[in-house]
Each structure stands twice: as structure tokens, then as C-alpha cells.
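These notes are about the structure you will find just below.
The values are calculated or read from the model by the stated rules, or taken from the named source; none is laboratory data. Every value quoted in this text rests on a predicted model; they were computed, and no experiment measured them. Quick reminder, even Gly has a Cβ in these numbers, built from the backbone with ideal geometry, and neighbours come from all protein chains shown.
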Amino acid sequence: GIQVEQSPPDLILQEGANSTLRCNFSDSVNNLQWFHQNPWGQLINLFYIPSGTKQNGRLSATTVATERYSLLYISSSQTTDSGVYFCAVNLKSSGNTPLVFGKGTRLSVIA
Amino acid sequence: DSGVTQTPKHLITATGQRVTLRCSPRSGDLSVYWYQQSLDQGLQFLIQYYNGEERAKGNILERFSAQQFPDLHSELNLSSLELGDSALYFCASSANSPHNSPLHFGNGTRLTVT
């Protein structure tokens with residue numbers, strides 16, 4: 001079955017707006033990471049966050065492991081934030097398998 | 001810069017051919033992963049090596065093979081190529097286990113099979 005679901009699939013923002021991206025997962029996680037794939041295809045690791053909250057500049061992430069979801073917050077969005085945001089998890093029920101990626105949220109920030 | 005190096009950046013080849021993609025992990029990272037990204041399948045895990053040994057296998061076709069060498073660089077070999085193999089192939093590395101280490105990706109190799 002589906003292990004990682006991301007929403008919304010697509011998002012268009014005006015520059016300066018804030019947004020929240022969501023990742024739901026089907027079981028307890030060993031590991032959850034957020035990635036940004038920029039328009040040139042590069043995949044950048046944003047957060048390693050199996051639980052709790054972390055912040056990095058205008059981005060922050062929260063994982064509520066007991067409720068099986070994670071949120072990525074983008075504040076004061078800029079055009080350079082455009083791209084696809086992926087959530088990836090390693091579920092405890094999956095054993096030693098590497099990260100499974102969601103289908104992503106495609107973000108377009110317009111000036 | 002993630003520190004993971006992939007070569008070549010682009011590869012154009014014909015059906016039936018064989019290609020080799022190369023990856024050097026970040027300094028100190030022991031695990032290397034290969035992922036395939038195509039438009040209709042998203043990011044699919046292919047295979048993982050840890051310190052020279054195969055650790056996990058995903059949706060890797062029998063026509064594909066990989067290895068990790070003593071200096072920890074890895075190669076992904078794709079043979080009898082088909083049009084459907086056209087995709088972006090990523091290598092990633094982590095310090096050790098995917099359970100407790102951040103994953104860092106190279107810039108990918110874009111393979112076009114004509």
C-alpha cells in the first residue's frame with residue numbers, strides 16, 4: 001500500500017507568502033527527511049527530522065511521529081524556493097530498506 | 001555542493017547499448033545509494049551498498065548492476081538499454097545507515113536512450 005502521501009500536489013504562491021506542505025506516512029518511522037529539487041534537478045537535503053521541530057532560516061519542519069505526519073513550513077517565500085519538495089521516510093515496518101519517497105509537492109513562487 | 005560527485009552529467013545512447021554511471025560519495029560516507037527518477041515513476045530506489053557490500057535492493061532490473069569499490073566509489077551499469085530506461089539517475093551517500101543519517105544526493109546523470 002501507499003506508504004508516503006504528500007499534499008498538496010501543486011502549489012502556486014505569490015512571492016512573500018507563507019506555505020505549509022504536509023507529509024503523511026503509514027507507520028512509525030525510523031527516519032524522515034525533506035528534500036528540495038530545484039528547477040535544475042538538484043536534490044538538496046533540507047531536514048533530517050524523524051521527530052520534533054527544526055528550523056533553518058525561512059524553512060522549518062515539524063514531525064509528529066505519534067500521529068504519523070510531518071509538516072514543512074516555508075515563510076516569506078522567494079522565487080528561488082520554486083521546485084519540488086519531497087518527503088522521504090524509512091518505516092520501522094520496512095526493516096533495513098532505504099528511504100521511500102513521496103510523489104512530492106510542486107511549488108511555484110511567482111514575483 | 002553536497003560533496004557527492006556523479007559523472008557524466010548527460011549521456012545519450014542508442015537502444016541495446018551499455019553504459020556505466022559513476023559516483024563518488026561524500027568524504028567519510030560509507031553508504032552509497034542509486035535512485036532512478038522518471039516522470040511517471042517518481043524517485044525509485046534501485047540499490048544500496050555499504051562499505052563495499054550490497055546492503056539493500058529495490059526495483060532494480062536484471063539488466064542493471066552495480067558495485068562499490070574499495071575506495072568507496074560506485075558504478076551503476078545499465079545494459080541492453082531500452083527507451084524506457086531514459087531517466088535521471090541519482091547517486092546518494094550517507095554516513096552509515098539510512099535509519100539515522102541524512103542522505104545527500106549528487107547532481108544526477110541524465111540518460112537519454114534513442
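Looking at region B:29-52 only, could you name the residues that are of a type outside the set (Ser, Thr, Tyr) and either in a strand (DSSP E or B) or out of contact with any strand residue (DSSP E or B) (no Cβ under 9 Å at 6 or more places or on another chain) (or both)? Outline the logic, then answer.
Taking region B:29-52 as the starting set, the residues that turn out to be of a type outside the set (Ser, Thr, Tyr) are B:29-30, B:32, B:34, B:36-37, B:39-48, B:51-52.
B:Val32, B:Trp34, B:Gln36, B:Gln37, B:Asp40, B:Gly42, B:Leu43, B:Gln44, B:Phe45, B:Leu46, B:Ile47, B:Gln48, listed by residue number.
Do we have any residue at all in region A:78-91 that's modelled with pLDDT of 95 or more, loosely packed, with under 15 Cβ neighbours inside 10 Å and farther than 22 Å from B:Gly106 by Cα?
Within region A:78-91, one or more residues are modelled with pLDDT of 95 or more, loosely packed, with under 15 Cβ neighbours inside 10 Å and farther than 22 Å from B:Gly106 by Cα.
Are any residues in region A:1-18 closer than 15 Å to B:Gly42 by Cβ, modelled with pLDDT of 95 or more and assigned to a loop (DSSP other than H, G, I, E, B), and if so, which ones?
A:Pro9
What residue, of B:Leu78, B:Leu88, B:Leu21, is surrounded by 15 or more Cβ atoms within 10 Å (Cβ to Cβ), in contact with a Lys or Arg (Cβ under 6 Å, 6 or more places away or on another chain) and closer than 17 Å to B:Pro8 by Cα?
B:Leu88
Please tell me if A:Leu32 is in contact with a Phe, Trp or Tyr (Cβ under 9 Å, 6 or more places away or on another chain), modelled with pLDDT of 95 or more and surrounded by 17 or more Cβ atoms within 10 Å (Cβ to Cβ).
Numbers: in contact with a Phe, Trp or Tyr (Cβ under 9 Å, 6 or more places away or on another chain): yes; modelled with pLDDT of 95 or more: no; surrounded by 17 or more Cβ atoms within 10 Å (Cβ to Cβ): yes.
So A:Leu32 fails the test.
Among the numbered criteria (1) under 21 Å from B:Ser2 (Cα atoms); (2) modelled with pLDDT under 95; (3) assigned to a strand (DSSP E or B), which one does A:Pro39 miss?
Condition (3) is where A:Pro39 drops out.
I'd like the residue in region B:30-48 that is more than 10 Å from the chain's Cα centre (by Cα), within 13 Å of another protein chain (Cβ to nearest Cβ) and modelled with pLDDT under 95 and, out of all such residues, is nearest to B:Val113 (Cα to Cα). Steps first, answer last, please.
Filtering region B:30-48 down to residues more than 10 Å from the chain's Cα centre (by Cα) leaves B:30-31, B:37-44.
With the extra rule that they be within 13 Å of another protein chain (Cβ to nearest Cβ), the set shrinks to B:31, B:37-44.
Narrowing further to those that are modelled with pLDDT under 95: B:31, B:38-44.
Details: B:Ser31: 29, B:Ser38: 13, B:Leu39: 15, B:Asp40: 16, B:Gln41: 17, B:Gly42: 18, B:Leu43: 19, B:Gln44: 19 Å.
Ranking the qualifying residues of region B:30-48, first place goes to B:Ser38.
Select from region A:69-111 the residues that are under 27 Å from B:Leu46 (Cβ atoms) and not in a strand (DSSP E or B) and list them in ascending order.
Passing the criteria: A:Lys92, A:Ser93, A:Ser94, A:Gly95, A:Asn96, A:Thr97, A:Pro98, A:Leu99, A:Gly102, A:Lys103, A:Gly104.
In this structure, is B:Ser94 closer than 21 Å to A:Thr97 by Cα, among the polar types (S, T, N, Q) and either in contact (Cβ under 8 Å) with a residue 40 or more places away in the chain or more than 8 Å from every other protein chain (Cβ to nearest Cβ) (or both)?
Numbers: closer than 21 Å to A:Thr97 by Cα: yes; among the polar types (S, T, N, Q): yes; either in contact (Cβ under 8 Å) with a residue 40 or more places away in the chain or more than 8 Å from every other protein chain (Cβ to nearest Cβ) (or both): yes.
The answer is yes for B:Ser94.
Considering only region B:103-114, how many residues are surrounded by 17 or more Cβ atoms within 10 Å (Cβ to Cβ), facing another protein chain (nearest Cβ under 9 Å) and either more than 29 Å from A:Ser93 (Cβ to Cβ) or of a type outside the set (A, V, I, L, M) (or both)?
Matching residues across region B:103-114 total 5.
Could you tell me whether B:Val4 is of a type in the set (Val, Ile, Thr), farther than 21 Å from A:Leu43 by Cα and at pLDDT 95 or above?
no
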